[in-house]
Amino acid sequence: MDMTRHLGRGDKLLALLDRGLRTLAAPARAQRPCPQPRQESSALSDAEARESAALMRVNHVGEICAQALYTAQALTSRDPRTAAQLEAAAQEEVDHLAWTAERIAELGGRPSLLLPLWWGGAFGMGLAAGLAGDDWSLGFVVETERQVEAHLASHLERLPAGDAASRAIVEQMKVDEAAHGDLALAAGARALPEPVKQAMRLAARVMTRTAHHL
């Protein structure tokens, strides 16, 4: 049970910001086991391992952003049911955060050096979406998850053929993101204007290209 829903707005803000700090500073703990590949990964060359680690670093940044977005949107939600839905999605995204972090380490990579920047920017976007109203906030979730689905599909094409372990994680993440978008749509999401969608794509492009290296 999420105790933050029983707190006042100020206390809830502090509690959710504390969650954000723990997202950045403490290792994420998954509630579900890490997805396992149908077949064992083959040996990766150094170049392949670096590319896999870079792609998983981008996915890890995306999960840091997801925590910030959902935290801010839950904070500003008017409807307790919407807030509960956002908080449940955020908890499922913690699994993704843990899985990607673990896989980065297995590949000998490192997380992004700019995690506080990514979290802060996403938190601000989530606040803006939430303050616009629950229907717009849910619309933001739908568009975000649709773009993330496309992004993950591209990673499935770019991951080295022998990296079955990373592929299994990305495939499960894609399934979960689609479900989050579908739930938000069913809950009354409002379609975002095309210029907003384009701005979101541009921001995502900057993030993915930067996180691939930093």
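The values are calculated or read from the model by the stated rules, or taken from the named source; none is laboratory data. Bear in mind that the values here come from a model prediction, so they are computed numbers and not experimental data. Cβ placement follows ideal geometry from the backbone for every residue including glycine, while neighbour counts extend to all protein chains displayed.
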Gln85 being polar (S, T, N, Q), touching a residue at least 60 places away in the same chain (Cβ under 8 Å), assigned to a helix (DSSP H, G or I) and farther than 20 Å from Pro35 by Cα: yes
Qualifying residue in region 4-26 (condition: among the small types (Gly, Ala, Ser) and at pLDDT 90 or above): no
Members of region 175-195 that are surrounded by fewer than 18 Cβ atoms within 10 Å (Cβ to Cβ), free of Cβ contacts under 8 Å to residues at least 40 places away in the same chain and not in a loop (DSSP other than H, G, I, E, B): Val175, Ala178, Ala179, Asp182, Ala186, Glu194, Pro195
Some residue of region 30-37 being at pLDDT below 90, closer than 19 Å to Ala168 by Cα, among the hydrophobic types (A, V, I, L, M, F, W, C) and surrounded by 11 or more Cβ atoms within 10 Å (Cβ to Cβ): yes
Residue among Trp99, Trp118 that is in contact (Cβ under 8 Å) with a residue 12 or more places away in the chain, in a helix (DSSP H, G or I) and over 30 Å from Ser42 (Cα atoms): Trp118
Any hit, region 115-131, residues being at pLDDT below 95, more than 18 Å from Gln67 (Cβ to Cβ) and not β-branched (Val, Ile, Thr): yes
Number of the condition not met by Ser42 [criteria: (1) crowded, with 22+ Cβ neighbours inside 10 Å; (2) touching a Gly at 6+ places or on another chain (Cβ under 6 Å)]: (1)
From the options Ala161, Ala204, Ala199, residue that is part of a helix (DSSP H, G or I), within 25 Å of Arg103 (Cα to Cα) and not acidic (Asp, Glu): Ala204
